[in-house]
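So the structure is just underneath, and the comments pick up after that.
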Amino acid sequence: MIKVDRDIVVLANPEIAQIPNWVIALVADGGIAAALSTAAGLLLAISSAISHDIVKGIIAKDIDGKTELMAGRIAMAGAIVVAGDLGLHPPGFVGQVVALAFGLVASSIFPALMMGIFAKHVNNTGAVCGMLAGLGSTLVYIFWFKGWFFIPGTAMAADNASNWLFGIAPGSFGAIGALLNFAVALSVSSVTAPPPEHIQHLVEDVRVPMGSRGQWGINTQY
């Protein structure tokens with residue numbers, strides 16, 4: 001039995017083409033640098049979000065900078081462990097993993113950003129509920145076919161078209177999660193208190209180009 005791994009084929013292309021070793025080294029250095037820079041930025045964003053926005057902003061508002069830094073380091077270590085587990089048990093080749101990642105982003109962050117610009121009546125409760133609904137539904141759908149943290153043997157159903165909901169692959173379910181996000185956020189915002197008036201004006205002001213105040217009949221005074 002011969003198995004052709006698509007990732008290995010891509011990595012072996014320079015050697016197959018008989019490119020000089022020093023050129024292969026430069027190409028490999030570029031790939032490693034790109035991976036490290038992307039990973040460093042993502043880890044910094046994860047640790048900052050957990051330590052500053054959650055720990056200091058919600059859980060323990062009186063902590064000092066040293067404790068907040070330690071919380072960020074712990075969060076970064078946890079993110080590395082999760083990423084390492086995903087690397088050991090990938091749900092597919094690189095393209096599929098990227099599709100899953102962008103599906104999660106599309107189901108959680110994208111609707112919140114769009115409504116934050118164009119829907120001034122969406123409040124924080126609606127936005128949070130929408131993100132939880134979109135992200136949760138997408139994660140459940142992915143784990144249902146890929147397994148919990150992609151550990152072999154933990155999937156609830158075989159990953160094939162006959163089991164998919166309406167024929168939607170796990171890597172493409174982010175669009176459905178985004179629609180659920182929009183629906184839940186708008187529904188919850190309609191039955192809860194509206195955002196403060198200055199926030200609604202801020203949302204309107206975001207769409208006004210810089211330097212256009214007072215021109216073309218645009219009135220941004222409030």
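The values are calculated or read from the model by the stated rules, or taken from the named source; none is laboratory data. Just so it is clear, the model here is predicted, and its values are computed rather than measured. Note that each Cβ is placed from the backbone with ideal geometry, even for glycine, and that neighbours are counted across all protein chains shown.
Within the set 124, 160, the sole residue that is free of Cβ contacts under 8 Å to residues at least 60 places away in the same chain and over 16 Å from the mean Cα position of the chain (by Cα) turns out to be 160. The set of residues in region 137-178 that are assigned to a helix (DSSP H, G or I) and surrounded by fewer than 16 Cβ atoms within 10 Å (Cβ to Cβ) comprises 140, 148, 149, 165, 166, 167, 172, 175. Scanning region 44-103 for residues that are part of a loop (DSSP other than H, G, I, E, B) and either charged (D, E, K, R) or closer than 24 Å to residue 142 by Cα (or both) returns 61, 62, 64, 89, 90, 91, 92, 93. None of 80, 74, 58 is free of Cβ contacts under 8 Å to residues at least 40 places away in the same chain, within 28 Å of the chain's Cα centre (by Cα) and closer than 24 Å to residue 146 by Cα except 80.
Taken over region 124-136, residues that are surrounded by fewer than 20 Cβ atoms within 10 Å (Cβ to Cβ) and farther than 18 Å from residue 103 by Cβ amount to 4. On the basis of being in the same structural domain as residue 76 (by TED's automatic domain parsing) and in contact with a helix residue (DSSP H, G or I) (Cβ under 9 Å, 6 or more places away or on another chain), does residue 12 make the cut? No: the conditions fail for residue 12.
Per-residue answers, yes or no, for (1) among the hydroxyl-bearing types (Ser, Thr, Tyr); (2) crowded, with 17+ Cβ neighbours inside 10 Å:
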site: 71; (1), (2): no, yes
site: 74; (1), (2): no, no
site: 108; (1), (2): yes, yes
site: 117; (1), (2): no, no
site: 121; (1), (2): no, no
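When restricted to residues that are free of Cβ contacts under 8 Å to residues at least 12 places away in the same chain, more than 27 Å from the chain's Cα centre (by Cα) and on the phi < 0 side of the Ramachandran plot, region 6-27 contains 14.
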